[in-house]
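These notes are about the structure you will find just below.
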């Protein structure tokens, strides 16, 4: 991945912070984040095109070199990745002045720089014509208005097209997970109300073996903001460490460059973004989090749910694996930090969506939780929210009864 920071100075109505700090401070900031920045700056189009092409070639060459060193040379220490800082005027090549106010190079270029309507001044239409003519349409289109053949030939073909590239249509790459029989992990229930160790502690060994079975095809990960252990899924670390390529110190646990658990960053936003990208490129995952803090990604959940809804109507888009949330530190059992950690409102947020996109599960005991998670990992094109306890709690159903109860969807006890 090659990030490009477009430093054009403004947003809707204000300057941007990174445009108002000096080059030295910006460089220190980006290098502190681990990047190797290359700078492309100017306002002369011909020179900028050449400079940008040169910077892109150099960056891609560096990325390939890093990949080669890691994949063939065994070099797994954290590299300094390239990035590009592009500095150009806001509204570059657009109208420079409208109604006596400067447009290019100011915040006014962010929205609609010229109002063209019957009520607008006649000179606006002339400005618009001048702006559109600056793109030299007669060089790009023939007399009938069709794109010239030599330019159309530049477009990617086959799987290189954006919509056909399997990395952008992950369902084309999706393979079923290999799942163990969830019944083999059952909690023993001698009679209804038998004591339990905490439902997620029973689920942990099942997820551990899911990670084991799918390690070869490398298509399953567990994400969480430093809460995998706290949420009762410690058994995962019997099979896989956390992925970590920074420095380690004596006393660290479960850190390695090849781990299948990503929970070393305390950021729900980052975990959500990681998981969405993982699913969109044809893999499977689960996001475990405290119920009170999952609200941090409400808007990200919204966008993913909208995306699922729209793409389900596009026949050329294949379905992807479901986005699975496991909320284990839930509202009802927050003993030592109760009030700050109590917020069951994510359910309210989720069930506002259509039922063809979302599912919410409230398994009442460990055996129901095993059945539910097995079902969720097999499902496609949903957002599944599973809320389950991590503290010791009574167990109600034998595995046989739990599997039947979950399959039926309702039951009388």
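Observations on the structure shown:
- Residue that is assigned by TED's automatic domain parsing to the domain that holds residue 285 and either farther than 22 Å from residue 270 by Cβ or over 25 Å from the mean Cα position of the chain (by Cα) (or both), where the choices are 233, 207, 213: 213
- Within region 4-19, considering residues that are out of contact with any helix residue (DSSP H, G or I) (no Cβ under 8 Å at 6 or more places or on another chain) and surrounded by 11 or more Cβ atoms within 10 Å (Cβ to Cβ), the one farthest from residue 81 (Cα to Cα): 16
- Of the residues making up region 289-321, those that are in a loop (DSSP other than H, G, I, E, B) and free of Cβ contacts under 8 Å to residues at least 40 places away in the same chain are 313, 314, 315.
- Which listed residue is surrounded by fewer than 16 Cβ atoms within 10 Å (Cβ to Cβ), within 30 Å of residue 258 (Cα to Cα) and at pLDDT 95 or above, from 84, 60: 60
- Flag for residue 273 being touching a helix residue (DSSP H, G or I) at 6+ places or on another chain (Cβ under 8 Å), part of a loop (DSSP other than H, G, I, E, B) and outside the structural domain of residue 75 (by TED's automatic domain parsing): no
- From the list 386, 360, the one residue that fits, being surrounded by 18 or more Cβ atoms within 10 Å (Cβ to Cβ), in contact with a strand residue (DSSP E or B) (Cβ under 6 Å, 6 or more places away or on another chain) and part of a strand (DSSP E or B), is 386.
- Flag: residue 109 does not match the condition of being assigned to a loop (DSSP other than H, G, I, E, B), assigned by TED's automatic domain parsing to the domain that holds residue 36 and farther than 26 Å from residue 37 by Cα.
Residues checked against (1) loosely packed, with under 15 Cβ neighbours inside 10 Å; (2) part of a strand (DSSP E or B); (3) in contact with a helix residue (DSSP H, G or I) (Cβ under 8 Å, 6 or more places away or on another chain):
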site: 2; (1), (2), (3): yes, no, yes
site: 26; (1), (2), (3): no, no, yes
site: 31; (1), (2), (3): yes, no, no
site: 48; (1), (2), (3): no, no, no
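- Odd one out for residue 231 among (1) part of a helix (DSSP H, G or I); (2) under 22 Å from residue 388 (Cα atoms): (1)
- Qualifying residue in region 260-272 (condition: without any contact (Cβ under 8 Å) to a residue 60 or more places away in the chain and within 24 Å of residue 197 (Cα to Cα)): yes
- When the residues of region 137-155 are filtered to those that are in a loop (DSSP other than H, G, I, E, B) and within 39 Å of the chain's Cα centre (by Cα), the one that is farthest from residue 45 (Cα to Cα) is 146.
- Which listed residue, of 189, 202, 210, is surrounded by 14 or more Cβ atoms within 10 Å (Cβ to Cβ), in contact with a strand residue (DSSP E or B) (Cβ under 7 Å, 6 or more places away or on another chain) and not in a loop (DSSP other than H, G, I, E, B): 210
- Meets criteria (at pLDDT 95 or above, assigned to a loop (DSSP other than H, G, I, E, B), within 27 Å of the chain's Cα centre (by Cα) and surrounded by fewer than 21 Cβ atoms within 10 Å (Cβ to Cβ)) for residue 176: yes
- Annotation note: of 55, 38, the sole residue that is surrounded by 15 or more Cβ atoms within 10 Å (Cβ to Cβ), touching a strand residue (DSSP E or B) at 6+ places or on another chain (Cβ under 7 Å), touching a residue at least 12 places away in the same chain (Cβ under 8 Å) and part of a helix (DSSP H, G or I) is 55.
- From 246, 239, 256, residue being surrounded by 14 or more Cβ atoms within 10 Å (Cβ to Cβ) and at pLDDT below 95: 256
- Count of residues meeting criterion [on the phi > 0 side of the Ramachandran plot, free of Cβ contacts under 8 Å to residues at least 40 places away in the same chain and touching a helix residue (DSSP H, G or I) at 6+ places or on another chain (Cβ under 7 Å)] in region 380-413: 0
- Residues located in region 389-413, provided they are farther than 8 Å from residue 367 by Cβ and crowded, with 20+ Cβ neighbours inside 10 Å: 389, 390, 396, 405, 406
The values are calculated or read from the model by the stated rules, or taken from the named source; none is laboratory data. In this text, all values refer to a predicted model and were calculated from it rather than measured experimentally. A quick note on method: Cβ atoms are made from the backbone with ideal geometry, for glycine too, and the neighbour counts reach across all protein chains shown.
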